[in-house]
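To start, the structure itself, in structure tokens.
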């Protein structure tokens with residue numbers, strides 16, 4: 001599921017802004033998958049596919065460490081960091097213009 005994101009990050013040489021809460025959820029999801037792979041009896045190939053997910057998650061962490069964070073880019077959850085900040089700054093600018101007009 002994260003493979004397209006890895007490819008896009010590599011091509012753009014930047015990573016999309018990902019809040020730490022969502023990164024923690026991804027980390028916990030990866031760890032829980034690992035635990036269930038060894039607790040539940042399943043075929044060996046499925047256990048290996050769980051480690052493939054770990055490898056992809058480690059590559060994603062490496063890209064986040066190497067590439068700069070582009071806050072204008074939308075991440076895989078449809079969230080962009082600068083949209084919220086830009087809208088609040090425009091609201092503040094509009095309020096100051098309205099105050100100038102009334103004075």
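Step by step: first the residues of the stretch 2-22, then only those that are part of a helix (DSSP H, G or I) and either on the phi > 0 side of the Ramachandran plot or touching a helix residue (DSSP H, G or I) at 6+ places or on another chain (Cβ under 8 Å) (or both), then the one that is surrounded by the most Cβ atoms within 10 Å (Cβ to Cβ). Which residue is that? Top of the filtered list is 9. When each of 55, 48 is tested for being over 16 Å from residue 5 (Cα atoms) and at pLDDT 75 or above, the lone residue that passes is 48.
Give the residue that is modelled with the highest pLDDT, with candidates limited to residues of the stretch 59-71 that are surrounded by 13 or more Cβ atoms within 10 Å (Cβ to Cβ) and part of a loop (DSSP other than H, G, I, E, B). Across the stretch 59-71, the extreme among qualifying residues is 67. All conditions but one from (1) surrounded by 12 or more Cβ atoms within 10 Å (Cβ to Cβ); (2) without any contact (Cβ under 8 Å) to a residue 12 or more places away in the chain; (3) touching a helix residue (DSSP H, G or I) at 6+ places or on another chain (Cβ under 8 Å); (4) not in a loop (DSSP other than H, G, I, E, B) apply to residue 33; the one that does not is (2).
The values are calculated or read from the model by the stated rules, or taken from the named source; none is laboratory data. This structure is a prediction, so every number in the text was calculated from the model and none was measured. Glycine gets a Cβ as well: all are built from the backbone with ideal geometry, and neighbour counts include every protein chain shown.
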